[in-house]
1. Among the residues of the range 187-221, which ones are more than 12 Å from ligand 2 (Cβ to nearest atom), part of a strand (DSSP E or B) and out of contact with any helix residue (DSSP H, G or I) (no Cβ under 6 Å at 6 or more places or on another chain)?
2. Filter the range 351-372 down to residues that are assigned to a helix (DSSP H, G or I) and within 13 Å of ligand 1 (Cβ to nearest atom), then give me how many there are.
3. Strands (runs of 3 or more DSSP E) wholly in the range 1-79 with at least 2 residues that are at pLDDT below 95 and not assigned by TED's automatic domain parsing to the domain that holds I129 - which ones?
4. Provide a single number: the residues in the range 304-322 that are in contact (Cβ under 8 Å) with a residue 40 or more places away in the chain and touching a helix residue (DSSP H, G or I) at 6+ places or on another chain (Cβ under 7 Å).
5. Cβ-Cβ below 6 Å, separation at least six or inter-chain, first residue in the range 336-350 and closer than 19 Å to T320 by Cα, second within 14 Å of ligand 2 (Cβ to nearest atom) and assigned to a helix (DSSP H, G or I): which pairs?
6. Just name the residue that is modelled with the lowest pLDDT out of those in the range 209-229 that are crowded, with 24+ Cβ neighbours inside 10 Å and more than 16 Å from ligand 1 (Cβ to nearest atom).
7. Output yes when any residue across the range 191-200 is in contact with a Cys (Cβ under 8 Å, 6 or more places away or on another chain), closer than 23 Å to G25 by Cβ and among the aromatic types (F, W, Y), and no when none is.
8. Name the pairs whose Cβ atoms lie under 7 Å apart, with the first residue in the range 83-105 and farther than 20 Å from P54 by Cβ, the second part of a helix (DSSP H, G or I) and of a type in the set (G, A, S), and 6 or more positions between them or separate chains?
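The values are calculated or read from the model by the stated rules, or taken from the named source; none is laboratory data. What you see is a predicted model; the values in this text were computed from it and never measured. Neighbour counts run over all protein chains shown; Cβ positions are idealised from the backbone, glycine included.
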Amino acid sequence: MAKISINIATGSLQQQEMIVGIDLGTTNSLVAIIHPESKKPVVLKEHDGHALVPSVIHFDGTGTATVGDEAKKYLITEPHNTIFSAKRLMGKSYNDVREHASFFTYKVIDDNTESLVKVQAGNKFYSPIELSSFILKELKTRAEHILKTQVTRAVITVPAYFNDAQRQATRDAGKLAGLDVLRIVNEPTAASLAYGLGMDKGEVRTVAVYDLGGGTFDVSILRINSGIFEVLATNGDTYLGGADFDRAIVNYWLSKLNLNETPAAEMAQAFRLQAEEAKKHLSVSASFDGKVGEYPVSLSKREFEDIIMPFVEKTIQCCTNALSDAQLIIGDIDEVIMVGGSTRVPLVKNAVADLFGKKVNDSLNPDEVVALGAAVQADILAGNNKDFLLLDITPLSLGIETMGGLMDVLIPRNSKIPSKVSRQYTTQKDGQGSMRISVYQGERDIVKDNRKLAEFNLTGIPGMPAGLPKVEISFLVNADGILIVKAKELRSGVEQSVEVKPQYGLSDEEVEKMLLDSITNAKDDMQVRALVEAKTEARILLDMTNNFIGKNRELLTIQELEATENAVQRLEYLLISGSKDEVQAAIESLNEISRPYAERVMDQAISVAMKGKKI
Ligand code: ADP
Ligand code: MG
């Protein structure tokens, strides 16, 4: 079924393993591969024809995990031990999810810190990484069962707005499940690939990917140019999806039946399942009739559409926002791609087609399309599609903090990845033995307005005068968008590196806000930057002057010392509250005063040095 190759060392036949594509979804997860004969992407199905595995984990009394449909049965009856939507917690701290705490029916531990969140089930604690790894392990086992071969290598998809912490967490979950994660791919990129977009060299397309899943909605605007996928904008609502439709239907039925109090757990579960059934049925017919216990329930397509209209309108507003963020108009969009099970609802499809004024791409199953695209990517990585290279780009700029708290960008936003940049820095103080390297992500000029990703010390720099050490800092963003920072003092060879695993994540709203802030604050930032630079220059000058006076006091006249003292005091005073122009003027006048004697002293030092030398 897969390629056969011969192991030269042993002479034996080796079956080359295939790389699978995995859609690790909030509601459902699944695996796809490129079919070895048809060369087309296909999802892996169980005998019963099921491809989707609900992303639900149930822990029994002994802490044994069950994943998928089996686990889903316990959602309502054992809410404390049944974990759903673990994906929402990936790379997050409790503070990040605090406002949505009531959404989780299981225990999310409030440790009031910025460290990564944990979940309690029974008397055990689990990180979202572990929880996702249970799902991935289940997918791996199923895939091996279906393919009758080992599966160890995978491509996993994540939402376009996932930050480094969330991507790293996803990768770690894969590792924990025994998978070698070759690539993390954006879901909208995968969906575009499944539709064959971006596969032609020289092709430039602007694509809107509308993804309405079980619990989340996001829309991404991509620009595809010769295999490079650039995310121009993302928008959405991380708490809006098909589950809201189900809940709204249940409430509608309950009010029609005059059932005012919330039904008991089992009954509530039955209502919810029936509502989902009705919703799916109405995607293909005009009315639904069913029963929950002894209660007859019914729903017409018309009623259903009225119920969900507000949700759909909200998603349309998000699309409009995304377009304006990308500074595009509707006519700029070449293709619209439908992703997520909830886009099967005709009202949703029509609303999106109406907005964009064109037919949407919906020929592939919307809940399979991301996995199919992941399989296409896996195939490219396996080298089966040699003249095609898939590139992604960095969503936010990456840089380090330099003197005065300024952001020095090494890798600008929208750089193609993988990407590597090196730059040289030096020390500020004589004999400085270590250098603190703080890594930031964001668009603002001042680091404290950006997000700190990591911090480390380059130690063991041999004692040298300020400015002499050559510290080379290199940033490497690998193909998964993970950043590796290296610092090396080139004269001595001491070096240090970190792989950036941020402590906690940013929400998609925050990423967007950071981008917006950088635009609205650009002017302020420039002014602040100019002031900080002037102050930094002033500090260096003050240091040098004090140093110089300390060493050469007896070579200076009383007048020179006094004038210097005054200029130093004025500059020190302005450092606290002076404007950029004032600081610069004070620098100028201190320079004016010190230049004559500095030159005199230098000349003397040179002639002293020359005396001892035989020419
Ligand atoms: P996610 O990306 O969140 O993991 P999916 O893309 O698998 O989720 O979408 C799951 C959602 O799609 C569920 O709310 C489910 O009820 C809904 N869904 C699936 N099939 C249909 C259908 N035929 N009509 C309407 N909604 C559907
Ligand atoms: Mg999805």
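1. Across the range 187-221, the qualifying residues are V204, R205, A208.
2. The total comes to 4.
3. Working: elements: 4-6, 13-15, 20-24, 28-34, 41-43, 56-59, 65-67.
Here the list reads 4-6, 13-15.
4. In the first step, residues of the range 304-322 are kept if they are in contact (Cβ under 8 Å) with a residue 40 or more places away in the chain; the result is 304-305, 307-308, 311, 314-315, 318-319, 321-322.
Narrowing the set further to residues that are touching a helix residue (DSSP H, G or I) at 6+ places or on another chain (Cβ under 7 Å) leaves 304-305, 307-308, 311, 319.
Adding up the residues that qualify gives 6.
5. Partner pairs satisfying both residue conditions: I337/A191; V339/A191; V339/V369.
6. F229
7. Filtering the range 191-200 down to residues in contact with a Cys (Cβ under 8 Å, 6 or more places away or on another chain) leaves none.
Scanning the range 191-200, I find no residue that is in contact with a Cys (Cβ under 8 Å, 6 or more places away or on another chain), closer than 23 Å to G25 by Cβ and among the aromatic types (F, W, Y), so the answer is no.
8. G91/A165; G91/A169
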